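Encoded as structure tokens, the structure appears first; notes follow it.
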Amino acid sequence: MSIEIKNLSHIYSQGSPFESIALDDISAVIDKGSFIGLIGHTGSGKSTFIQHLNVLLKPTMGQIFIDGIDINDKSTKVKSIRQKVGLVFQYPEHQLFEETVEKDVAFGPENLGLGDAEIKKRVKDALTMVGLDYDKIKDKSPFELSGGQMRRVAIAGVLAMKPSILILDEPTAGLDPRGRDDILNVISELHRREKITVILVSHSMEDIAKHVEKIMVMFDGKIKIFDTPQNVFSQVDLLENIGLAVPQVTYLMRKLKEIDPLIDQNIYTVQQAKEEIIRMMRRRKDA
């Protein structure tokens, strides 16, 4: 399911002394089944942008098309768009409220008017997708779980709606390194297996570099760059000038290039760095 954004602008408190331009005439196409990383410093427009994609906010100007459908057209049913576009907010476990995990994950499908058998299947499938054992966890209170498990249950509640597009706003915020890796690996596997479109908002350049196929860089309400990780992270000076950075391993490789001019400094994952350093050591050994 492709997303096409045309000349999208959003102005908060338009016409008042507090008027603020959050999105400034942005246009882009996000291909069906792609994995996009969305980065930008606080206030760049990221949150405003993603809230337009499932009609939580409406444009001041411009249009958004999902699979060719203008999502803000009067004839378009907002409920159908929100079923297709799943949005997981930061700290989604704060939205858990039912007495059992099963009831919480079932809340969305029940609101779609589905039958009991279909609801149960969706709950079981969604919990399995996020790496949780349905039989072991279904009758537990969500509030008995660990932070990482609660996060997974909250994501399962969105997946149970069977969205074609999944948007995650800082899904690993507040988790320890193990929990962060677990959640991101679940999301990557879900993308690989289900072929859904994923938009991941994150401040971690390392996480973005490891998982996404393209990166959208936002600055001052505009899309500054929209390209592959390699092409984005090769523009170190530009990123630093707009308050961002590149992965730490990229800075390391730039330093190593001062020692060995043959080093490829356009490296942005630990695995790439490992392979390049091994090549450097072999060159120096053979010299």
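In table form, for the structure just shown:
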quantity: Computed over segment 247-287: relative contact order in percent, which uses C-alpha pairs under 8 Å that are six or more apart; calculated: 36 percent
quantity: Sites residue 20 and residue 286, calculated FRET efficiency, Cβ-Cβ separation with R0 45 Å, nearest 0.05; calculated: 0.15
quantity: Sites residue 259 and residue 58 - FRET efficiency at Förster radius 51 Å, r taken between beta-carbons, to 0.05; calculated: 0.40
quantity: Fraction in percent of alpha-carbon pairs per bin - 10 Å, the chain; calculated: 6, 25, 30, 23, 11, 4, 1, 0
quantity: Spatial extent of segment 133-191: Rg and Dmax, with the Cα atoms as the point set, Å; calculated: 11.7, 31
quantity: Cβ charges +1 (Lys, Arg) and -1 (Asp, Glu), total dipole of segment 247-287, debye; calculated: 120 debye
quantity: Selection from 78, 236, 168, by position along the positive dipole direction of the chain (Cβ); calculated: 236
quantity: Relative contact order of the chain, pairs being alpha-carbon contacts under 8 Å that are 6 or more residues apart, as %; calculated: 21 percent
quantity: Net charge dipole size for the chain [Lys, Arg +1 and Asp, Glu -1 on Cβ; Debye, nearest 20]; calculated: 560 debye
quantity: Two-site label geometry, residue 103 and residue 118: point separation in nm, points 7 Å out along Cα→Cβ; calculated: 2.3 nm
quantity: Selected from 109, 177, 229 as most flexible by GNM, with the chain as the system and alpha-carbon contacts under 10 Å; calculated: 177
quantity: Sorted largest first, extent of segment 1-139 alpha carbons per principal axis (Å); calculated: 53, 31, 28
quantity: Whole-number percent relative contact order across segment 1-151, with pairs defined as alpha carbons under 8 Å at least 6 apart; calculated: 19 percent
quantity: Amide hydrogen neighbours beyond the local backbone of residue 2, cut-off 5 Å, H modeled; calculated: 32, 67
quantity: Ranked by how many other beta carbons lie within 10 Å on average, peptides 71-82, 237-248, 96-107 from highest; calculated: 96-107, 237-248, 71-82
quantity: Folded to 0 to 90 degrees: helix 147-159 orientation relative to the chain principal axis, Cα; calculated: 60 degrees
quantity: Length released on extending from residue 275 to residue 203, taking residue separation times 0.36 nm less the Cα-Cα span; calculated: 23.3 nm
quantity: Taking N as its residue count, the alpha carbon Rg of segment 143-287 over 2.2 N^0.38 Å; calculated: 1.23
quantity: FRET efficiency for residue 41 and residue 75, using Cβ-Cβ distance with R0 set to 30 Å, rounded to 0.05; calculated: 0.20
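Only the coordinates and a few stated rules stand behind these numbers; no lab work does. From a predicted model like this one, the values you see are computed outputs, not experimental measurements. Don't worry about glycine lacking a Cβ; one is built from the backbone with ideal geometry, like all the others, and counts go over all protein chains shown.
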